[in-house]
Amino acid sequence: MIKDIQSKIKKLKEEKDFCILAHSYMAQEIKEIADFKGDSYALAVKSKDVPQKNVIMCGVRFMAETVKILAPEKNVYLANSVAGCPMAEQMDRDVISIVKEQYPDYAVVAYINTTASLKTICDVCVTSSSAVKICKKMDADKILFIPDCNLGAYVAKQVPEKEFKLLNGGCPTHAKIAEKKLLEAIEAHPDAKVLVHPECQPDVVKHADYVGSTSGIMNFAKESSDKEFIIGTEIAIAEELQYACPDKKFYPMSKELICSNMKSTTLMDVYHCLNGECGEEIHLDEEERVKAKHCIDEMIRLG
Ligand code: 13P
Ligand code: SF4
């Protein structure tokens, strides 16, 4: 059944000139039919160069918006219109405009998990794989880092020469995992290396052997000579690694590490989206798009 739908999707996307992008948190059967899969940075950079006229993003809304910002000439669809990122919706342009007035000499660094509207008033975007490098490289010495205080705390530690102001945002999926859960996993698998996403709480991150983006975690595990790993990010990463490296063992840090927003997209959604029966085409106001593009261009330039 899954194979049948996958074949239909592959045929339809060729016929209708669609490119399918899938974030690493998608289910395996979606990643198998994607033209490209990867972390949010890789998908953002890739999207602007794909030859197809139409793009389906299997991920969350801010990722589809990022594609539209970078490639306005393409028809960009979010495979399932309910797939938002709660972190991206925590802070809006009005709130951050007020905060900026309180910190006028701070440059605003926005995690890419923000809305297009909020990006219009930020100086530069970062992803989890590029945040440290960009904060180090940018001219500013004072940084207001939004919205994720866990990623912000991790970056601030790696860039001690700069002053950081953090707000109280974060990913509800990663942030809910307490240190106790990780300690239980370490006790159950004492030989395992601990690989975590920087959206986790600092008390979790401090136990990590490696901290990185979803792609960073996968590359580290694949290249490592170690055989066991505790994976501190969405459960899809441990699953994909287990497929890719059957001789190694991957343990999710917690079975609660499931992003219901990412998981709301199904293979059938992709099929229906190709048929114009599901999903949502992304439309952005042109002035907003151009302003938001500035901070994504800066991310690509500095990253
Ligand atoms: P990556 O930048 O690692 O792809 O992460 C995006 C995300 O939403 C993690 O929760
Ligand atoms: Fe957003 Fe967290 Fe889901 Fe990533 S895992 S998409 S940050 S809610």
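What follows is calculated from the coordinates using simple rules that are stated; it is not laboratory data. Computed from a prediction, not measured in an experiment: that's the story for all the values here. All Cβ positions, glycine included, derive from the backbone under ideal geometry; neighbour counts span all protein chains shown.
The slack in the chain from K255 to V290, taken as 0.36 nm per residue of separation less the alpha-carbon distance, amounts to 8.6 nm. Restriction of the GluC sites (Glu not before Pro) in region 230-303 to DSSP coil positions whose beta-carbon has at most 14 other beta-carbons within 10 angstrom yields E256, E277. Listed by chain and number, the aspartates and glutamates whose alpha-carbon sits under 16 Å from that of K142, ignoring those within fewer than 8 places in the same chain, are E101, D105, D123, E161, E163.
Per-residue ellipticity at 222 nm from helix content only, as computed over the chain with -39500 (n - 2.57) for each DSSP H run of at least four residues, stands at -12000 deg cm²/dmol. Between C19 and N54, V55, I56, the built amide H atoms are under 5 Å apart, and every one of these is 5 or more places off in sequence or on another chain. K181: which aspartates and glutamates have alpha carbons under 13 Å from its alpha carbon, excluding same-chain residues fewer than 8 sequence positions away? Partners within reach: D203, E256.
Highest mean first, the peptides 97-108, 33-44, 128-139, 161-172 sorted by other C-beta atoms within 10 Å per residue fall in the order 33-44, 128-139, 161-172, 97-108.
For the chain, the calculated P(r) over all alpha carbon pairs, in 20 Å bins from 0 to the bin holding the longest distance, is 34, 58, 8 percent. Among the listed pairs K8/K293; K31/K227; K16/K137; K3/K48, which have their C-alpha atoms separated by more than 32 angstrom in this model? From K8/K293; K31/K227; K16/K137; K3/K48, over 32 Å: K8/K293; K16/K137.
With the cut-off at 1.5 for a/c, could you classify region 67-164 from its C-alpha gyration tensor as rounded, prolate or oblate?
Judged from the Cα gyration tensor, region 67-164 comes out prolate (a/c at least 1.5, a/b above b/c).
Evaluating 6.51 cos²θ - 1.76 cosθ + 1.60 at θ = phi - 60° for every residue in region 165-172, the Karplus couplings come out as 10, 10, 10, 9, x, x, 7, x Hz, glycine and proline recorded as x. The spacing between region 74-113 and region 157-228, judged by their C-alpha centroids, is 23 Å.
Considering only Cα-Cα distances, which of the following residue pairs are longer than 19 Å: K37/K68; K193/K222; K100/K133?
Beyond 19 Å: K100/K133.
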